[in-house]
Amino acid sequence: MKMGRRTALKAGAGALAMAPAVVRAQATMKLPLATVWPDANFHVVNCRRFADEVKKATGGAIEIDVKSGGQLGFKGPECLRAVRDGLVPMADYLDTQQIGDEPFLGLEGIPFLAGSADELKLLYKHLRPEWEKITAKNNQTLLYAVPWPNQYLHLKVKVETVDALKGIKIRVADKGTQELWASAGVAPVVIPWGELLPALSSGAVSGVSTSAVSGVDGKFWEFLKFFHETNQTWASDFVTINNDVWKKIKPEHQKAITDLAKKLEPEFWDSSFAADKDCAKKMIDGGMQLVKPSTAMMAELRKRSAHLMDEFLKKVPSSQAPVKAFLAEVKRG
């Protein structure tokens, strides 16, 4: 029996009413999450784990779609604005790259401020309330924050003194790190991650200040020979969600998401420092040599960059209270 168009539409509507699973599926909120890091990077792995857990906890009502490798077209320093302006509902971005919009987010880049992962945890305690104010001001909610692990200076040559660094052109990710290496006589330039490999390939830069994780991401052994364990600064990735989108999520699902973020953040920290050890080994296996700078060289680096803390505190007055509270807690003047 042939069915007319109107009859068919009525039949379809009736079938839809009898199919709550279909209705639920159509009601799913899909949220793209932008990140510039490649798939294998631990931050991306963490994002995908978070997305899986959110989907389970919300019964499939919220689906986070992690878009890695900058495929949505946003460069790292643009991500805070992209979430703020609703160009993308969620992002995973590096805090120290957002200082053009929010100078306070460069605080972790103060040279040698936190001397270890344990000190970094204490620093986070003082910074987190300020971070939450800043993200709220920028129309987003901070779900979790995870540090990059130890930092290295990756070079074509082995250096044993600060003077040996003079004039070497290196890539850095942010202005704070640029100022640090400039104080040591290096010639640092800020280059987004997506433009780094062509710069290394062409010889535009002869080194990189970053983690071993990024060293593996970029296969630095194809360009460089040594990575020096300087651990001069820290930086963290934030995962945030646009507040206009957040308000559309049911309160019970908001709670599930924030509870998950709180639960998983310590695990994501562990993955960061595990990734450092794993990637340092991969760098060595790739043919690079790990260099541990002498006590004298590190003392000279600290001496030459010491003024940068005072300059940051003057430039960003809101940083003074958390930094002083942290230094008091770790018993450093």
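The values are calculated or read from the model by the stated rules, or taken from the named source; none is laboratory data. Because the structure is predicted, anything quoted here is derived from the model rather than measured. All Cβ positions, glycine included, derive from the backbone under ideal geometry; neighbour counts span all protein chains shown. Side chains included, ligands, DNA and RNA excluded: accessible areas come from the protein's heavy atoms. Shrake-Rupley method; radii C 1.70, N 1.55, O 1.52, S 1.80 Å.
Quick rundown of the values:
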quantity: Furthest towards positive pole of dipole, Ile99, Ala182, Ser209, structure part the chain, Cβ charges; calculated: Ile99
quantity: Computed label-point distance, nm, for sites Lys262 and Glu160 using a 7 Å Cα→Cβ extension; calculated: 5.3
quantity: Stretchable slack from Ser202 to Ala274, in nm (0.36 nm times residue separation minus alpha-carbon distance); calculated: 22.7 nm
quantity: Per residue accessible area of segment 96-176, 1.4 Å probe, in Å²; calculated: 37
quantity: Cα coordinate range in segment 188-287, projected on the principal axes (Å, largest first); calculated: 52, 26, 22
quantity: Only Lys, Arg (+1) and Asp, Glu (-1) charged, at Cβ; the chain dipole about Cα centre in debye; calculated: 1020
quantity: Value of relative contact order over segment 215-333, rounded to a whole percent, pairs C-alpha under 8 Å and six or more apart; calculated: 44
quantity: Sites Asp52 and Lys133, calculated FRET efficiency, Cβ-Cβ separation with R0 25 Å, nearest 0.05; calculated: 0.25
quantity: Cβ-based charge dipole, the chain, positive-most Cα from Gly109, Pro198, Gly60; calculated: Gly60
quantity: Share of carbon and sulfur in the accessible heavy-atom surface of the chain [1.4 Å probe, %]; calculated: 56
quantity: Proximal aspartates and glutamates relative to Lys137, as straight alpha-carbon distance under 14 Å, when same-chain residues fewer than 8 apart are discounted; calculated: Asp85, Asp101, Glu102, Asp244
quantity: Among (i) 39, 30, 21; (ii) 43, 23, 17; (iii) 35, 21, 20, the entry derived from the coordinates for semi-axes √(5λ) of the Cα gyration tensor in Å; calculated: (ii)
quantity: Semi-axis lengths (Å, descending) of the ellipsoid that matches the C-alpha gyration tensor of segment 95-213; calculated: 28, 17, 12
quantity: Flagged links, alpha-carbon separation over 25 Å, of Lys262/Lys292; Lys56/Lys247; Lys121/Lys225; Lys133/Lys247; Lys303/Lys331; calculated: Lys262/Lys292; Lys121/Lys225
quantity: Cross-link pairs Lys75/Lys175; Lys175/Lys281; Lys67/Lys219; Lys219/Lys282; Lys67/Lys263 - those with Cα-Cα distance over 19 Å; calculated: Lys175/Lys281; Lys67/Lys219; Lys67/Lys263
quantity: Simple spin-label estimate for Lys121 and Ile284 in nanometres, 7 Å along Cα-Cβ; calculated: 2.6
